[in-house]
Structure formats: structure tokens, C-alpha cells
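Visitor: Below: one structure in C-alpha cells.
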Amino acid sequence: MTDNELQHLLKAEPEKGQRAFYDKYFNYVYTIVFAKLKSVASIEDVDECVGDVFAQCFIFFDKQNVIQGNLKAFTASVTRRKAIDTYRRVIRHSSNIPIDDAGEIESGENIAQSAEESEMRKLLYDKVEELGEPDSTIIIQKYFFGRSSKEIAEIVQLSADNVRARCSRAVKRLKDILLSAGFTR
């Protein structure tokens, strides 16, 4: 279904249009939210954020007579903003630990190593984001979620062959970006 058909369906039959919009963009929204929140939020927070994204989109669609522009770009923008808001909310509340739970804080975990790995993951994610769309989505879907080229092709609306070619080129570009940023093999 094209964006024009989907926009028409959202206006003509809102319930069917919302369902079609949800089906078309769920994986895309979930990927963005999970990538932004995976290091700080629970799965419940991720799921809540995804739900909030679709709720905000549906409210916007109900208020607009005509939906201007690319739905995928609009959805990505709403998703990133909601994910950032959720990230800030989770970080702000994560330092408040009930006194009853204070005894459970100790662990055998190497905090310095965990912090370094977390920082490394953040830097790597930032470098993957520098690839731009759809290459960053392809890399995340392939190497983080382990999805096949065919599955990724459905998400980014390209052919499986095109996804494989873009992935290969994106990996080479990412390698160059990482080496120029000071990452070593």
C-alpha cells in the first residue's frame, strides 16, 4: 500500500486506515524505539513508548484534513521524539531507589567494564546512525535483530537483492567511519 492510498484510507475509514498504518510501520517504529532505549529502559517502557508513538500519530491524523509529506519521515520524527522523551523520563526516575530495595543494589558486576561497554555501544550506534536511512535500519535489523534480507526488505520497502547490496556497502562505509573515528580492529 502506497502512502497516498494509506492517507486516503486514514481519512475515508479511520479504523481500517489506522490498522493498515500500524501494520505497515510497527517494525520500523519498534526498531527506532528499541535502539534508543535498549540500554536504559525495560521492555515494558519500550512497548509503552511504541504505543505512545502510534497514539500520537493517530491523534494527528484525526486533526488533519490533509496529511502533507512522507508518512515514513513523519513517523520517524514522531518516534525519535517520543523515544527521547521516554529516555529522559527513565533516566530521571532511575536514580530514585526505594529504601527497601537498597540492600539489593550490590552485585558481582564489573561496573567499570559495563560502563565502558555501554559507552562503546552508544558510540557504535551513533556511527551506524551516521549512515543515514535506510542503511542504518538495514544494519540494525541484520546485525542486532538477526533478520534476513527478505524480512528487512519488507521493513524498508526495497527488494531483498537491493537490501543485500546496500548492506554490503553500508558495512564498508561503517568500517571506514569507525576507523576514522579511532576505533581499532
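The values are calculated or read from the model by the stated rules, or taken from the named source; none is laboratory data. All of these numbers come straight from a predicted model, not from anything done at the bench. Surface areas here come from the heavy atoms of the whole protein model, side chains and all, with no ligands, DNA or RNA. Shrake-Rupley method; radii C 1.70, N 1.55, O 1.52, S 1.80 Å.
Visitor: Can you classify the chain as rounded, prolate or oblate using the Cα gyration tensor, where a ≥ b ≥ c are the square roots of its eigenvalues, rounded means a/c under 1.5, and otherwise it's prolate if a/b beats b/c and oblate if not?
Guide: Since a/c reaches 1.5 but b/c is at least a/b, the shape of the chain is classed as oblate.
Visitor: Kindly write out, for region 37-50 in residue order, the coupling ³J(HN,Hα) from the Karplus curve 6.51 cos²θ - 1.76 cosθ + 1.60 (θ = phi - 60°), rounded to whole Hz, with x marking Gly and Pro.
Guide: 10, 4, 8, 10, 10, 7, 4, 5, 5, 5, 4, 5, 5, 4
Visitor: Could I ask something else about it? Nearest 500 deg cm²/dmol is fine: what mean residue ellipticity at 222 nm does the chain get from its DSSP H runs of n ≥ 4 alone, each adding -39,500 (n - 2.57), divided by its residue count?
Guide: Taking each H run of at least 4 residues, the total per residue is -24000 deg cm²/dmol.
Visitor: May I ask you to evaluate 6.51 cos²θ - 1.76 cosθ + 1.60, the Karplus curve with θ = phi - 60°, for each residue of region 6-13 and list the ³J(HN,Hα) values in order in whole Hz, giving x for glycine and proline?
Guide: Going residue by residue, I get 5, 4, 5, 5, 4, 7, 6, 9 Hz, with x marking Gly and Pro.
Visitor: If I fit a long axis through the Cα atoms of helix 111-129 and take the longest principal axis of the Cα atoms of the chain, what angle between them do I get, 0 to 90°, rounded to 10?
Guide: 30 degrees
Visitor: How many lysine pairs are close in the chain, with Cα atoms under 15 Å apart and the two 8 or more places apart or on different chains?
Guide: For the chain, the number of qualifying lysine pairs is 12.
Visitor: What whole-number value in Å² describes the accessible area per residue of the chain for a 1.4 Å probe?
Guide: Per residue, the chain has an accessible area of 63 Å².
Visitor: Continuing with this model, one more query. Need one value: the accessible area of R92 in square angstrom, 1.4 angstrom probe, rounded to the nearest 10.
Guide: Solvent-accessible area, nearest 10 Å²: 150 Å².
Visitor: Could you state how much accessible area D62 has, in square angstrom rounded to the nearest 10, with a 1.4 Å probe and all protein chains kept in place?
Guide: My reading of the accessible area for D62 is about 110 Å².
Visitor: Here's something else I'd like to know. If I fit a long axis through the Cα atoms of helix 71-94 and take the longest principal axis of the Cα atoms of the chain, what angle between them do I get, 0 to 90°, rounded to 10?
Guide: Value to nearest ten degrees: 30.
Visitor: Report the full-extension gain for the segment L178 to E116: residue separation times 0.36 nm, less the Cα-Cα distance, to one decimal in nm.
Guide: 20.7 nm
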